[in-house]
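Data first, discussion second: the structure below is written as structure tokens.
The values are calculated or read from the model by the stated rules, or taken from the named source; none is laboratory data. Everything numeric here is computed off the predicted structure, so don't read it as measured data. Here the Cβ positions follow ideal geometry from the backbone for every residue, glycine too, while neighbour counts run over all protein chains shown. Just the protein is used for accessible areas: all its heavy atoms, side chains included, with ligands, DNA and RNA removed. Shrake-Rupley method; radii C 1.70, N 1.55, O 1.52, S 1.80 Å.
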Amino acid sequence: QVQLVESGGGLVQAGGSLGLSCAAPGGMFSTSDMGWYRQAPGKQRELVALITRDGTTNYADSVKGRFTISRDYAKVTVDLQMNSLKPEDTAVYYCALHLRGIDYWGQGTQVTVSS
């Protein structure tokens, strides 16, 4: 069973910063695309940021210039640094690992941005 363990998140005021981290299985880390997604109440889950196995990144338009996704090969984590947070960034954030057509998901972590 593939386990993705998320950490970080919490409550922050608008304009503040938060960091999320996702620990992935070492044997799959370097060969997988990995991403962060979010789901706000009453809305569908959406892609926030993706980093491919070769390091290419892709961001949702709503977070470009504010969020940064990165891989840490020493810690075997995918991190999401979120700056200039807005109330509309409030959601449950999920880490995902994509490998050979199969998606694996973390349990989710709540991010709440107060105005």
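Data for the structure
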| item | result |
| --- | --- |
| Cβ-Cβ under 8 Å pairs, at least 6 apart or on other chains, the stretch 20-39 side closer than 11 Å to Ile51 by Cα, far side small (Gly, Ala, Ser) and crowded, with 20+ Cβ neighbours inside 10 Å | Ser32/Ala24; Met34/Ala24; Met34/Ala96; Gly35/Ala49; Gly35/Ala96; Trp36/Ala49; Trp36/Ala96 |
| Tally of residues being among the charged types (D, E, K, R) and in contact with a Cys (Cβ under 8 Å, 6 or more places away or on another chain) across the stretch 65-98 | 1 |
| Output for the stretch 27-37, where each listed residue is open to solvent by 30 Å² or more (accessible area, probe 1.4 Å) and either part of a loop (DSSP other than H, G, I, E, B) or more than 28 Å from Arg100 (Cβ to Cβ) (or both) | Ser30, Thr31 |
| Positions within the stretch 80-94 being touching a residue at least 60 places away in the same chain (Cβ under 8 Å), assigned to a strand (DSSP E or B) and open to solvent by 30 Å² or more (accessible area, probe 1.4 Å), in sequence order | Gln81, Tyr94 |
| Some residue of the stretch 95-103 being open to solvent by 60 Å² or more (accessible area, probe 1.4 Å) and either at pLDDT 95 or above or in a strand (DSSP E or B) (or both) | yes |
| The stretch 47-67 residues that are closer than 17 Å to Asp103 by Cα and in contact (Cβ under 8 Å) with a residue 24 or more places away in the chain, paired with ones that are polar (S, T, N, Q) and open to solvent by 40 Å² or more (accessible area, probe 1.4 Å) (beta carbon under 9 Å, 6 or more apart) | Val48/Ser62; Ala49/Thr57; Ala49/Asn58; Ala49/Thr68; Ile51/Thr57; Ile51/Asn58; Ile51/Ser70 |
| The stretch 6-21, residues that are open to solvent by 50 Å² or more (accessible area, probe 1.4 Å) and within 14 Å of Asp72 (Cβ to Cβ) | Ser7 |
| Sole residue being under 18 Å from Glu6 (Cα atoms) and surrounded by 15 or more Cβ atoms within 10 Å (Cβ to Cβ), chosen from Ala40, Ala24, Ala74 | Ala24 |
| Candidate set from the stretch 95-115 (those that are touching a residue at least 40 places away in the same chain (Cβ under 8 Å) and under 12 Å from Val2 (Cβ atoms)); member that is nearest to the chain's Cα centre (by Cα) | Cys95 |
